[in-house]
Amino acid sequence: MNSYIKKYTKKELIEDTGRVSWTSPSNIALIKYWGKHGKQLPCNPSISFTLNESKTTMDFSWSIKDGGKDEIVLDFYFENKKNEAFENKIRKFLEDNFELFPFLKYLSLEIESTNSFPHSAGIASSASSMSALALGLCTIEDQAFDLNQSEEEILDKATYIARLASGSASRSVFPGIVSWGKSDLEDIKSTDEKAATVEGIADVFKTYQDSIVIVDAGEKAVSSRAGHALMEAHPFRDVRFKHANDQLALLVEVMKSGDVDQFCEIVETEALELHGLMMNSSPSYTLMRPNTLAVIEKIRAFRSETGLPICFTLDAGPNVHILYPESIKNEINEFMINELTPLAQGGLIIHDKVGSGPERFL
Ligand code: DP6
């Protein structure tokens, strides 16, 4: 029996209406989740920085509905406009996982969602929105039925639920450096079902910066969902899953020791491996654009000229995340303005950094 499934009667509802609001951040993976099995379970463990500026705010209002029907009553607004595409996606998620949300028998929901990042940046992230959704649902359940759960209990359920909506969203529930997926490593406390904070990381990484060079803001030709599916019959499948585990072990050691140069090496190898997997999928595809490579070459040249520990990573798209310690922010800023702005679409570079996790407002 899944301990997250609770049974209620309508009589146990303590309020007829209520409001809940959460802001939840995006995250950038350093070791990537790429390939899944079963019900949203990862084929290898991943680790990420939770971000600070790129986030989704979701306001939830709930009210008691007539009868006790299984039908989901939901209204979804994105950036102040009714958005049926998102609404249907969320409704399907709630229907598919209805046993986890039995309280929706008695409640109707209205959700208003906004993102902090510009609509046109092409970084619309399921991690921030699906973690905000999960946090909202868990809090509504707690509030409407007076469960009095601790924050820890709410986050524990939220990471489980966020993962069912979008794998990477499970990591956004926690601050700082977060893993998801099971591993034999002593420092990794996550499981395939839930993410967890990674303790013991050197301070330098707790304030790491992530500047995102927007190379192309357009919609991706191949979704992450389709990319994960292509790993099922991928010729390098087994090698990849083993290598991701090996890379994670190396990275955790390096992040504990504070060695920023080795960090650069592992993180870049991992980013290019992800895109290599895409290029070697059947059918093959490429999400990097010419300017993705141009930015990468500039970063490598700048690093070898200056010796500064600046490196890049990529998610499943063309935009380049530039990672560097806070202490060299000024030098990197100057480099970015001079060398990278001309390669960014509309000159857009979004400055982010490691953040302190979701925040509840109501
Ligand atoms: C390359 O979490 O978006 O960013 O579970 O199908 O929603 P779904 O996939 P998603 O995949 C993320 C892929 C990645 C790597 C990562 O964030 O670990």
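Quick look at the values:
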| quantity | calculated |
| --- | --- |
| Index of the failed condition, Ala221 passing every other in (1) at pLDDT below 95; (2) touching a Pro at 6+ places or on another chain (Cβ under 7 Å) | (2) |
| Which numbered condition Trp34 misses (of (1) away from the ligand (no atom under 16 Å from the Cβ); (2) more than 18 Å from Leu362 (Cβ to Cβ); (3) not basic (Lys, Arg)) | (1) |
| Residue identified as under 17 Å from Tyr208 (Cα atoms), of a type in the set (A, V, I, L, M) and in contact (Cβ under 8 Å) with a residue 60 or more places away in the chain among Ile299, Ile350, Ile328, Ile310 | Ile350 |
| Those residues of segment 302-334 which are over 25 Å from Lys32 (Cα atoms) and of a type in the set (D, E, K, R), in sequence order | Glu305, Lys329, Glu331, Glu334 |
| Segment 143-155 - residue that is among the charged types (D, E, K, R) and out of contact with any strand residue (DSSP E or B) (no Cβ under 9 Å at 6 or more places or on another chain) and, of those, surrounded by the fewest Cβ atoms within 10 Å (Cβ to Cβ) | Glu152 |
| 3 or more residues more than 16 Å from the ligand (Cβ to nearest atom) and crowded, with 18+ Cβ neighbours inside 10 Å: qualifying strands (runs of 3 or more DSSP E) within segment 170-259 | 209-213 |
| Odd one out for Ala158, checked against (1) buried (at least 24 other Cβ atoms within 10 Å of the Cβ); (2) at positive phi | (2) |
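Conditions (1) surrounded by 15 or more Cβ atoms within 10 Å (Cβ to Cβ); (2) free of Cβ contacts under 8 Å to residues at least 40 places away in the same chain, marked per residue:
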{"residue": "Lys7", "(1), (2)": "no, no"}
{"residue": "Ile47", "(1), (2)": "yes, no"}
{"residue": "Ser54", "(1), (2)": "yes, no"}
{"residue": "Trp62", "(1), (2)": "yes, no"}
{"residue": "Glu71", "(1), (2)": "no, yes"}
{"residue": "Phe78", "(1), (2)": "yes, yes"}
{"residue": "Asn83", "(1), (2)": "yes, yes"}
{"residue": "Arg91", "(1), (2)": "yes, yes"}
{"residue": "Glu95", "(1), (2)": "no, yes"}
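The values are calculated or read from the model by the stated rules, or taken from the named source; none is laboratory data. This one's a predicted model, so the numbers in the text were calculated from it and none came from an experiment. Counting neighbours? That spans all protein chains shown, and the Cβs are built from the backbone with ideal geometry, glycine included.
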